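What follows is a short report on a single structure.
The values are calculated or read from the model by the stated rules, or taken from the named source; none is laboratory data. This structure is a prediction, so every number in the text was calculated from the model and none was measured. Cβ sites come from the backbone with ideal geometry, for glycine too, and all protein chains shown count toward neighbours. Accessible surface areas use protein heavy atoms only, side chains included; no ligands, DNA or RNA. Shrake-Rupley method; radii C 1.70, N 1.55, O 1.52, S 1.80 Å.
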Amino acid sequence: MNAKWKRNLQYIPVFCVLVLVGLIILILVIWMTLCAFKPQNQIIAFPPHFFPESLTLQNFTAVLQRIKLDKYVINTVIYALGTTIPSVFLNALAGYAFARLEFKGKNVLFIMTLATMMIPFQVIMVPLFMEVYKMGMYDTYAGLIIPKLASAMSVFMMRAAFTTLPKELEEAARIDGISEFGLFWKVMLPLVKPTMVTLIILGVNGAWNDLLWPLLITSSTDMRTLTNGLALFVGENTIQYGAAFAGAFISILPMFILYLVGQKYFVEGTATSGLKG
């Protein structure tokens, strides 16, 4: 047995564990999807049946009748895109500065930025809420979006992506007389597209599934996000399991489609963003 096979054998236990975890998650997702189309009596039947005996859309009708699904979806889209797109641009600027520019205190400032990743959100939740409330942004889109724009993880990933770019490319652009922002926008940023797409997917997914912050910063029904509204719906109507499964299916479907569309860039971005730190 050569050295290559010996080296690969050590990954077999890890591979088996990952496959097992993946199968468990896949089975749960399929179960939830099937339950969204099952009649109520089949969902609570014992012993349970994995595949439905008949299909129905009544669960989705119940969700549409009881909650403002269209309004929740619009709020969630505004929240997800409003936090993700500006966040990617701002964090890309910070990552570019840490990777390509030289200024006093750069390393200390970068370490301080990374240190914020060790602070749980629950620690700053109350002070952040008071700040938003005192600034008159409570129960508004601005209150939802602005505190979520900065991300230490995004800065770290963008810095790693910009660090991998060759120095000669930057020098050639400077010889041509391009401005610093022009160098960032026209030359450097297009070359880190996989990392940007990765951050967009992660950002939209995080905002789409965010429950705590929208629940904390909004109070009116018209400002609720989809996850927020579905959580309150399930809490008030726990007996309607079919409607709860239908709401969960509606919630994860857009993120599933988004991941399928951006999977190529997502894998490439996560693989290359850690090459150089």
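Among residues of region 1-15 being of a type outside the set (A, V, I, L, M) and open to solvent by less than 90 Å² (accessible area, probe 1.4 Å), the one that is modelled with the lowest pLDDT is ASN2. Quick one: is LYS193 modelled with pLDDT under 85, over 20 Å from ASP139 (Cα atoms) and among the basic types (Lys, Arg)? In short, no.
Restricted to region 88-168, the set of helices (runs of 4 or more DSSP H) holding at least 2 residues that are in contact (Cβ under 8 Å) with a residue 24 or more places away in the chain and under 16 Å from VAL192 (Cβ atoms) comprises 152-163.
Using the structure shown, decide if GLN42 is open to solvent by 60 Å² or more (accessible area, probe 1.4 Å), at negative phi and among the polar types (S, T, N, Q).
Working: open to solvent by 60 Å² or more (accessible area, probe 1.4 Å): no; at negative phi: yes; among the polar types (S, T, N, Q): yes.
In short, no.
Can you spot a residue in region 46-53 that is aromatic (Phe, Trp, Tyr), open to solvent by less than 20 Å² (accessible area, probe 1.4 Å) and either closer than 27 Å to THR225 by Cβ or part of a loop (DSSP other than H, G, I, E, B) (or both)? No, the conditions are met nowhere in region 46-53. Remark: ILE201 matches the filter, which requires a residue to be in contact (Cβ under 8 Å) with a residue 24 or more places away in the chain and either assigned to a helix (DSSP H, G or I) or over 21 Å from ALA160 (Cα atoms) (or both). Exactly one residue among LEU28, LEU18 is within 16 Å of PHE249 (Cα to Cα) and surrounded by fewer than 12 Cβ atoms within 10 Å (Cβ to Cβ), and that residue is LEU28.
Of the residues making up region 126-141, those that are loosely packed, with under 14 Cβ neighbours inside 10 Å and among the aliphatic types (A, V, I, L, M) number 3.
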